[in-house]
Amino acid sequence: MSRVLAVWCPDWSVVAALADEGLSAALPAAVLNGNHVEVCNAPARAEGVRRGMRRRDAQGRCPELVLLDADTDRDARAFETVLGVVEQLRPGVAPLRPGLLAVRGPGRFGAEDHAAATFAEALVSAGVWDVRIGIADDLFTAEQAARRTDVQGHEVVEPGGSAAYLRSLPVEALLADPEAGELVSLLHRLGLRILGDLAALPVADVARRFGAYGEQVHRRVRGERSGPLASRTPPPELACDVGFEPPLDSVEAICFSVRTTAERFVAGLAERQLVATSVRVEASCAGPHGEDVVVSSREWLHPRHFTARDLVDRVHWQLQGQAQGSVRSRRAVAAVTEPVTRVRFLPETTEPESAHAEGLWGGGASEQVERGMARVQALLGYDAVRVPLAQGGRTPAARQRTVAWGERVRVVRSPEQPWPGQIPAPAPVRVFASPLPSEVQDATGVPVEVDERGWVSGEPTIVRTPDAGWLPIEAWAGPWPMDESWWEADGSPTRRAARFQVVGVDGRAWLMACVDGAWWVEAGYD
């Protein structure tokens with residue numbers, strides 16, 4: 001059976017907190033939880049600070065003590081660096097808690113001493129200075145061996161020697177497990193001082209006296225092998241990139257060069273039976289010191305899923321739109337003014353390939369329409385094909401919005417919110433891009449007016465329609481007065497309007513607005 005290699009980074013909460021604050025690791029520091037010291041580093045322990053101390057007592061022992069807040073998420077994020085380094089050497093890492101991990105060893109490194117030295121050297125190169133390694137038959141013994149070695153050192157427990165190694169350790173060694181505090185206190189009260197005393201007890205008595213947890217600890221201190229490590233599977237590397245040497249300053253040349261990379265990106269997803277519905281495209285230029293600096297980054301969406309051709313089109317739109325200073329490329333980060341050194345494809349959203357597979361008898365009409373729209377978009381440009389979207393607003397024109405086909409729908413104004421002055425249902429069928437001039441008169445031929453309080457000067461009797469000339473009015477409703485732009489802080493002029501629904505004798509209906517004494521036709525109820 002394979003052996004277990006444990007990697008322990010002492011006082012990891014303090015190490016992660018100091019790094020997060022940008023402070024030196026040589027400062028005496030402690031992480032507090034509930035006004036008590038949860039973890040302290042070696043410089044603080046040298047001044048007399050201990051775990052469990054109250055804040056005031058710890059500061060009394062060490063006035064220059066740096067106090068830090070506990071944050072398990074921060075500790076876990078910082079420990080990802082250690083996990084990543086170890087995964088590069090030995091896949092199948094089991095992260096036990098921030099500061100402690102285990103892998104099956106020694107793997108391809110041969111001798112266990114050589115494996116431990118290789119792991120320590122890699123972690124020190126990554127900036128993790130205090131690292132200690134233990135190797136044994138089981139996880140518990142390997143952890144105890146790591147805790148009893150020196151900085152950047154390692155200790156190897158001979159095969160079959162776990163029980164002998166653990167026998168002389170004090171029962172305080174169990175406190176590495178946060179749940180063992182009560183059990184250790186009970187062992188002391190029973191006069192059990194070393195792990196050998198606990199290991200010598202009969203199994204039945206331990207289960208009866210200490211319960212299931214005590215029985216589990218009893219198996220550990222006897223050096224029994226545990227089950228398989230709960231190792232994590234590293235996420236697959238789905239991103240693909242291509243570098244250009246020398247850098248390219250032509251959009252056409254870049255698109256031609258990324259075609260193979262786009263095909264490799266799509267094929268890599270297909271190997272895992274995935275497709276990408278959202279992809280981030282990043283373009284980099286050379287920085288002041290020769291490094292790649294991302295100067296253009298944008299997330300692209302697709303109604304179905306991306307093909308290699310779709311990705312090349314997105315690169316072309318993104319770079320060409322920026323190079324030309326296109327107003328419609330609003331979401332681009334910055335204009336690409338330097339030759340491009342690298343293009344990178346990162347999948348933002350992936351879905352199972354089966355969810356986008358065609359039916360047994362082929363695709364339906366909607367899929368054919370989508371392919372046609374994608375083809376038109378590829379020929380005319382990203383913003384050439386647009387999809388209407390309804391949003392909140394007081395007028396039919398204000399409720400209209402269009403987005404580029406394939407772009408994620410982001411409703412700026414919610415239709416569910418109250419909109420004072422909004423025209424009641426039914427909604428008009430046609431909304432004119434620009435209102436058409438018109439006139440409304442009463443029975444005496446006098447133009448109808450609406451004052452600031454919504455009072456109508458006369459009953460609308462005849463209207464001049466956009467295409468049929470003057471037409472008698474059969475029915476009308478309104479007005480719905482509205483004062484617009486009075487809330488604008490930039491001094492925009494106030495616009496007073498009153499809207500009417502008008503039905504002519506020919507059965508056609510219009511949405512009309514009286515704005516500052518002038519009449520306009522805004523929409524039609526065809």
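The values are calculated or read from the model by the stated rules, or taken from the named source; none is laboratory data. Predicted model, so just to flag it, every value in this text is computed and none were measured. In this analysis, Cβ positions are derived from the backbone assuming ideal geometry, glycine residues included, and neighbour counts consider all displayed protein chains.
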For the condition farther than 29 Å from Arg51 by Cβ and outside the structural domain of Arg298 (by TED's automatic domain parsing), what is the one hit in Ala283, Ala267, Ala180, Ala207? Ala207
Look at segment 267-279 and say how many of its residues are of a type outside the set (Gly, Ala, Ser) and buried (at least 16 other Cβ atoms within 10 Å of the Cβ). 5
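Hey, among Val82, Val49, which residue is of a type in the set (A, V, I, L, M, F, W, C), within 20 Å of Leu175 (Cα to Cα) and either in the same structural domain as Gly181 (by TED's automatic domain parsing) or touching a helix residue (DSSP H, G or I) at 6+ places or on another chain (Cβ under 7 Å) (or both)? Don't jump to the end; show me each part of the working.
Numbers: Val82 fails: within 20 Å of Leu175 (Cα to Cα).
It is Val49.
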With the checklist (1) assigned to a helix (DSSP H, G or I); (2) exposed (fewer than 12 other Cβ atoms within 10 Å of the Cβ) in hand, flag the one item Arg264 doesn't pass. (2)
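Can you name every residue in segment 65-122 that is among the β-branched types (Val, Ile, Thr), farther than 25 Å from Leu18 by Cα and in contact (Cβ under 8 Å) with a residue 60 or more places away in the chain?
So the first thing to find is which residues in segment 65-122 are among the β-branched types (Val, Ile, Thr), and the list is 66, 72, 81-82, 85-86, 93, 103, 118.
Add one more test, that the residue is farther than 25 Å from Leu18 by Cα, and what stays is 93, 103, 118.
Those that are among the β-branched types (Val, Ile, Thr), farther than 25 Å from Leu18 by Cα and in contact (Cβ under 8 Å) with a residue 60 or more places away in the chain: Val93, Val103.
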Output the residues belonging to segment 37-78 that are part of a helix (DSSP H, G or I), among the aliphatic types (A, V, I, L, M), surrounded by 14 or more Cβ atoms within 10 Å (Cβ to Cβ) and more than 38 Å from the chain's Cα centre (by Cα). Ala58
Is there any pair linking a residue in segment 506-526 that is more than 14 Å from Leu436 (Cβ to Cβ) and not assigned by TED's automatic domain parsing to the domain that holds Thr465 to one that is of a type in the set (Asp, Glu) and in a loop (DSSP other than H, G, I, E, B), with Cβ under 9 Å and at least six apart or on different chains, and which? none
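So is Leu192 out of contact with any Pro (no Cβ under 7 Å at 6 or more places or on another chain) and within 30 Å of Arg97 (Cβ to Cβ) or not? I'd like the intermediate steps shown before the answer.
Values: out of contact with any Pro (no Cβ under 7 Å at 6 or more places or on another chain): yes; within 30 Å of Arg97 (Cβ to Cβ): yes.
Yes: the conditions hold for Leu192.
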